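Structure first, then comments.
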Amino acid sequence: MNFGVLVFPGSNCDIDCYKAVEETVQQSVEYVWHTETDLSRFDCVLVPGGFSYGDYLRCGAIARFAPVMGALREFAEQGRYVLGICNGFQILTEAGLLPGALLRNRSLKFRCHSTQLRVENNATAFTSSYALNEEINIPIAHGEGNYYCDPETLQQLKDEKRIIFRYAGENPNGSTDNIAGIINASGNVFGMMPHPERAVHRLLGSDDGTRMFTSILNAWREKHATAVNR
């Protein structure tokens, strides 16, 4: 399986994502500069955290116009896996690949600490290695993680079981309905504010993020095994 990690000017979690792939699934992984226009060699693209283009205007508002985003949209339309983390989640909402928006934390403070999440849906390519309703420890580091969507969109997310993670304890940013991560209708584009790539070893405080990467690998293997057996 081939992973690509997007790199925008201002990304600062790209190395974390790269190392997480090496640590958890030992698959091929490559950095992808924001000027790239061909993602066809990858099976999964990670859109990492950081401050793309300095977070000017709004978080992710400039990154959505980068050349690579056209390729990412095509990549997603082909059913390949996209995981946006923190600033990556913000970029995916700005680009319209996921609904809603990420606003300033209600406290107006940057929050950086461990957070308890509850697994709301484990029947996805990103969460199959978790148990339903399991609580996991994944850190956050953001100033604009307050997920917002209109009531109609929220109801749709609920009805279609597209809310994948909720904050299980304190809601650290004021996010609507305690939402910490959502998925698209096709189930292949997932965005979350917490950082699973920073929770892949107990020395980091938690290894609960490991199973996100193994879930992706298992989903890819199952998908390709099914295709081969047809």
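Numbers below:
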item: Inter-label distance, nm, simple model (7 Å from Cα along the C-beta direction), Ser107/Lys223; result: 3.7
item: Extension reserve of the Leu132-Asp177 stretch, reckoned as 0.36 nm per residue once the Cα distance is removed; result: 14.4 nm
item: Efficiency of FRET between Lys161 and Asn2 - r from beta-carbon atoms, R0 45 angstrom, step 0.05; result: 0.95
item: Part-to-part distance (alpha-carbon centres) for region 1-61 and region 174-230, which is given in Å; result: 15
item: Anisotropy class of region 1-43 from Cα gyration tensor, a/c 1.5 cut; result: oblate
item: Computed over region 2-229: relative contact order in percent, which uses C-alpha pairs under 8 Å that are six or more apart; result: 20
item: Top positive-direction residue, dipole computed over region 110-211 with Cβ charges, set His201, Thr127, Leu154; result: His201
item: Rounded, prolate or oblate (a/c below 1.5 giving rounded, otherwise prolate when a/b exceeds b/c) for region 71-129 by Cα gyration tensor; result: oblate
item: Region 36-106, Cα convex hull volume normalised per residue, Å³; result: 84
item: Dipole moment magnitude, nearest 20 debye, region 2-229 about Cα centre, only Lys, Arg, Asp, Glu C-beta charged; result: 280
item: Candidates per trypsin sites (Lys or Arg not before Pro) in region 1-105, loop by DSSP, up to 12 other Cβ within 10 Å; result: Arg41
item: Global geometry of region 118-213, whether rounded, prolate or oblate, following the gyration tensor of its Cα atoms and the 1.5 cut on a/c; result: oblate
item: Coarse-grained scattering of region 2-229 at q = 0.10, 0.17 Å⁻¹, given as base-10 log I(q)/I(0) from a Debye sum over alpha-carbon atoms; result: -0.39, -1.25
item: Difference of contour (0.36 nm per residue) and Cα-Cα distance, Asp38 to Glu74; result: 12.0 nm
item: Antiparallel bridges, percent of DSSP beta bridges restricted to the chain (to nearest 5); result: 55
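Each reported figure results from applying straightforward, stated rules to the coordinates on display, with no laboratory input. If you're wondering where the values come from, they're calculated on a predicted model, not measured in any experiment. Glycine gets a Cβ as well: all are built from the backbone with ideal geometry, and neighbour counts include every protein chain shown.
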